[in-house]
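Visitor: One structure coming up, written as structure tokens, with questions to follow.
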Amino acid sequence: MKTMVRRMSSMLSRLFLCTLVVVMPALVQAQSADDGQPVRALTTSSSGALLVLRDSGLFAIEGQTATEVPLPPSNPGAQPASLANGADASIYLAGPGLGVWRYDSTSKRWQSLNDTLPDLGVTAIAAHATQPETLYAYLGKDGMFRSRDGGAEWVKVDSGPREPVQAFLHSDMPGSMESGWLFAGTTRGVARSMDCFCFWGDAGDLRGTVSAISYDPAAPENIYAVVEGQIHHSADGGETWTNLAVPQPVTALAFSPAQGLVAGTENGALLARGDAGEWTPVHE
Amino acid sequence: MPVATLVNGRLSMNKGIYLLALLVAPVLADASGGAASANSAPPDVAQGRQIYEQYCTACHGWQAEGAANWQKLDEKGEMPPPPHDETGHTWRHSDAMLFRMIAEGWRYPFNKSDRLTMPAFGESLTDQEIAAVVEYLKTLWTEEQREYQATESQ
């Protein structure tokens, strides 16, 4: 009798283990895709995947599949905070204590772009809308830096807006004296400058700490900025802003070619905005 | 009288010396039988200054000081003329961009009208004259700004 019980117990243990082996990856994927942690930053990859930065890591989400992308090696205390998608679809990751890194999708490794930055205190990064080699990094202590050779050499171009920059983007919206515009989310609102860095001015009357900013590359006058969890939309290059209703406080934004405006929320959800203004989960 | 004040009350010493060379250069050139001295300013700078004084001072000022509060939009929603000296942003633009702005003008995209913010001078000035103005503007910047602008022009 004891032998039978032991055999039964052993079989059940094996069955449980087998079940675990089969089910665990799916559980891990499901947890990674939407694990309730706030979305820190968002961007898209060349394949159309959404890249989602959470405290638990970086994930590429395509359809129902979420794949973890290992973060670059960094010192303890480094805070990945900002993602950008270059004109050649390169992915950039930056943050305080981390500096700037580019992901090589062929070798699946991160390449440090920090050799000529004065320090690693990068709070936000942007990639030029049309020039693949041009990048912008905002360092909390040192101001605005630009690289025109893919991050090999960084040059300080400006002190940046008066208030510290939390997020920023480059857009090829027409009308610049140079090749485009920079929109910076600061603690005061959105600041705007032509990419000659001629001077920074307020983009409209939107006030508050801007935690995320994005724009529609197909219609670059359309800018979206998050203030205290609410999305504000400008259809005229930042002159005037209107509030967009959102079901949850928003923490990150991206513009996906396939899904349009995508919002990452405080609760970890990823929502895409439909033509009628409705929000639906991106993986449904 | 200090050199910088002689030329421009707001100019730096470097710029004052540069402009002093500009004033003295023709005298030196005459003294050497008309040949340009090794220390003289580039030949088109004097011409550029003359053209600047004729066409640009009405908006940008005799001292290239620009409009007061040039960083704030005026009552028409227009961007006032910026200074061209070291306090402005002219030095941030490449030669090609400066040439284009003088020749074709430029409209502040948020001025809610079709009018040009900076008028076009392509019909009034030859290419050589526009290039001379650009050369003159470079005399109004610091050495670091000239270096930055030279890099932008590459």
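Visitor: Criterion first (closer than 21 Å to A:GLY201 by Cβ, within 12 Å of chain A (Cβ to nearest Cβ) and touching a strand residue (DSSP E or B) at 6+ places or on another chain (Cβ under 7 Å)) does B:TRP91 satisfy it?
Guide: Spelling it out, it is not the case that B:TRP91 is closer than 21 Å to A:GLY201 by Cβ, within 12 Å of chain A (Cβ to nearest Cβ) and touching a strand residue (DSSP E or B) at 6+ places or on another chain (Cβ under 7 Å).
Visitor: Given the criterion surrounded by fewer than 18 Cβ atoms within 10 Å (Cβ to Cβ) and either of a type in the set (Phe, Trp, Tyr) or in contact (Cβ under 8 Å) with a residue 60 or more places away in the chain (or both), identify the matching residue among A:GLN79, A:GLN64.
Guide: One residue alone meets the criteria, A:GLN64.
Visitor: Considering segment A:173-194 alone, what residues qualify as being facing another protein chain (nearest Cβ under 10 Å) and charged (D, E, K, R)?
Guide: Those that are facing another protein chain (nearest Cβ under 10 Å) and charged (D, E, K, R): A:GLU178, A:ARG192.
Visitor: Test A:ALA263 against the criterion of being more than 14 Å from chain B (Cβ to nearest Cβ), at pLDDT 95 or above, surrounded by 15 or more Cβ atoms within 10 Å (Cβ to Cβ) and in contact with a Ser or Thr (Cβ under 6 Å, 6 or more places away or on another chain), and give yes or no.
Guide: no
Visitor: Of all the residues that make up segment B:132-151, how many are in contact (Cβ under 8 Å) with a residue 60 or more places away in the chain and surrounded by fewer than 18 Cβ atoms within 10 Å (Cβ to Cβ)?
Guide: 2
Visitor: I'd like to check something: does segment A:134-152 contain any residue that is part of a loop (DSSP other than H, G, I, E, B) and polar (S, T, N, Q)?
Guide: Yes, the conditions are met somewhere in segment A:134-152.
Visitor: Another question about this same structure. Against the definition (of a type in the set (A, V, I, L, M), over 12 Å from the mean Cα position of the chain (by Cα) and more than 30 Å from A:THR240 (Cα to Cα)), how does B:ALA120 come out, yes or no?
Guide: no
Visitor: Then there's this: Before we move on, is A:ILE231 within 16 Å of the chain's Cα centre (by Cα), under 24 Å from A:GLN131 (Cα atoms) and hydrophobic (A, V, I, L, M, F, W, C)?
Guide: The answer is no for A:ILE231.
Visitor: Of the residues B:ALA120, B:ALA96, only one is more than 13 Å from chain A (Cβ to nearest Cβ) and of a type in the set (Gly, Ala, Ser); which?
Guide: Answer to the selection: B:ALA120.
Visitor: Oh, and also: Is at least one residue of segment A:54-65 at pLDDT 55 or above and of a type in the set (Val, Ile, Thr)?
Guide: Among the residues of segment A:54-65, at least one is at pLDDT 55 or above and of a type in the set (Val, Ile, Thr), which makes the answer yes.
Visitor: Which pairs have Cβ atoms under 6 Å, sit 6 or more apart or on different chains, and link a residue in segment B:72-83 that is over 18 Å from A:ALA191 (Cβ atoms) to one that is of a type in the set (Ser, Thr, Tyr)?
Guide: B:GLU78/B:THR117
Visitor: I've got another one for you. Please work out which one of (1) more than 20 Å from the chain's Cα centre (by Cα); (2) on the phi > 0 side of the Ramachandran plot is the condition A:LYS108 fails and give its number.
Guide: (1)
Visitor: Do you know which residues across segment A:242-260 are surrounded by 14 or more Cβ atoms within 10 Å (Cβ to Cβ) and outside any strand (DSSP E or B)?
Guide: A:VAL246, A:GLN248, A:PRO249, A:GLN259
Visitor: Give the residues of segment A:111-154 that are crowded, with 20+ Cβ neighbours inside 10 Å and at positive phi, sorted by residue number.
Guide: Once the filter is applied, which keeps residues that are crowded, with 20+ Cβ neighbours inside 10 Å and at positive phi, segment A:111-154 yields only A:GLY151.
Conditions tested, residue by residue: (1) farther than 22 Å from B:TRP70 by Cβ; (2) at pLDDT 95 or above.
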{"residue": "A:ASP158", "(1), (2)": "no, no"}
{"residue": "A:VAL165", "(1), (2)": "yes, yes"}
{"residue": "A:HIS170", "(1), (2)": "yes, yes"}
{"residue": "A:PHE183", "(1), (2)": "no, yes"}
{"residue": "A:ALA191", "(1), (2)": "no, yes"}
{"residue": "A:ALA203", "(1), (2)": "no, yes"}
{"residue": "A:ASP216", "(1), (2)": "yes, yes"}
{"residue": "A:ILE223", "(1), (2)": "yes, yes"}
{"residue": "A:GLY238", "(1), (2)": "no, yes"}
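Visitor: Just for segment A:195-205: of the residues that are farther than 15 Å from A:LEU135 by Cα and among the acidic types (Asp, Glu), which one is farthest from the other protein chains (Cβ to nearest Cβ)?
Guide: Of everything passing the filter in segment A:195-205, A:ASP205 is farthest from the other protein chains (Cβ to nearest Cβ).
Visitor: A follow-up question, please. Considering only strands (runs of 3 or more DSSP E) fully contained in segment A:173-218, which possess at least 2 residues that are farther than 16 Å from A:GLY143 by Cα and of a type in the set (Val, Ile, Thr)?
Guide: A:210-215
The values are calculated or read from the model by the stated rules, or taken from the named source; none is laboratory data. Small disclaimer: the values here were computed from a predicted structure and weren't measured. Using ideal geometry, Cβ is built from the backbone for each residue, glycine included, and neighbour counts are taken over all protein chains shown.
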